[in-house]
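*Asks:* Structure incoming, see below.
Taken together, the values in this text are just the output of simple stated rules run on the coordinates, not laboratory data. Please read these numbers as outputs of a predicted model, since none were measured by experiment. Please note: Cβ atoms are built from the backbone with ideal geometry, for glycine as well, and neighbour counts cover all protein chains shown.
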Amino acid sequence: MSKKIMKVPIGIPVLDDKFSGIYVGHVTFLTGASGEGREVAVGAALNSFYRLDEQVLAVFAESDDRVALRAREVGYDLEKAAEIGALSILCHSYKPGEVLPVRESLEEIIAEAHRISAAVLFIQDARPWLEVHPVSAAPERVAEFISTLEESGLTAIVALPEPVSAAAQKVWEEMKNNSSVAIQFRRDKLGNYFMKVLTYMGLTVNVGLPYETQLKFVPRQGFVKDVASEAIPTSSGEFQASVEQKEAPAAAVSFSHGAEPEMMDMTQSILGQLSHSEPPPKSDPAPAPDPEPMPERRERTKYSFAAAEAETKKRAKYSFAAAMKEDG
């Protein structure tokens, strides 16, 4: 009998729609440079877990409140969530070059998560556990880090900045290859956000990885669905325009080849007039509605995943074979 694989939405529509979220009880790796979408994704995830009534234990770097600021942009108030018992926060002061003993320090955090009945553990910056010297020690250290978290049964979301050294690059590669899900965020010069799924358990490069898509960000709502800008991976590893964007030019070409000469002349004349005419005035866009206020915390009740599925219709239980078939 195959082991059941469960998933949970993470609050990013593209990821939740295509991949059904992230794996429960496994490690999800988030990476990206500062200010390029990693913190926004964290806020979206915390908000998603809150609405599913899941208790979260978050480990923050004491000197960095960027996550709290970004969380507010997606309508999630860390302070209020902590006040009503939806979120518990542990702070640590990170010092560059500091290396914590992996299993011993993580076991203390895991014990606290179990004490408060948390189902989710979020680690804002994993560098204190993963900075290694020499570089050859990176595989062993990352393996110990991930195995300790997965043995806990918690759904762990681990964030790590982009690497800036050879040693950091080695750690980054090991985290990408050993996590059940690895997601990279970036932002271009125009301010557009992009998400690339580097690793997804059960999928390989032969079935569409890496998978990159543009994310549409709306203040106080977070990432929202933007199908028109979705990128599709090709066999060469490059990304092409979506189907909707590709079909329009092809239809225009087939029309011109099949038309009579007189019809083509008339069409070109009309198109020429249209191209020189003034565009219609643009109407002012309707203001975005204020997000719904965060509901008061319900009486704490441990929901099974089956019950959560019945209430929200967002969760499902998959066998490993079914997960591979659906996601592929």
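*Asks:* Place a point 7 Å from Cα of Ala82 in the direction of its Cβ. Which residues in the range 41-75 have their backbone N less than 15 Å from it?
*Replies:* The answer is 56-72, whose backbone nitrogens lie closer than 15 Å to the label point.
*Asks:* If you take the square roots of the eigenvalues of the alpha-carbon gyration tensor of the range 27-165 and sort them as a ≥ b ≥ c, do you get rounded (a/c under 1.5), prolate (a/b over b/c) or oblate?
*Replies:* oblate
*Asks:* Quick one: Cα convex hull volume of the range 113-177, Å³ per residue?
*Replies:* Convex hull of Cα atoms, per residue: 83 Å³.
*Asks:* In addition: Between Cys91 and Glu107, what length comes free when the chain is fully extended (0.36 nm per residue of separation minus the Cα-Cα distance, one decimal in nm)?
*Replies:* The span from Cys91 to Glu107 would gain 4.2 nm if fully extended.
*Asks:* Ok, one more. Taking other Cβ within 10 Å of each residue's Cβ, how do Lys189, Lys80 sort, fewest first?
*Replies:* Final ranking by Cβ density, sparse to dense: Lys189, Lys80.
*Asks:* Which whole-number percentage describes the relative contact order of the range 7-145, with Cα contacts under 8 Å and a sequence gap of 6 or more?
*Replies:* Computed value for the range 7-145: 23 percent relative contact order.
*Asks:* Right, another one. Net charge around Val171, counting only other residues with Cβ within less than 15 Å of its Cβ (Lys, Arg = +1; Asp, Glu = -1)?
*Replies:* My count for the surroundings of Val171 gives -4.
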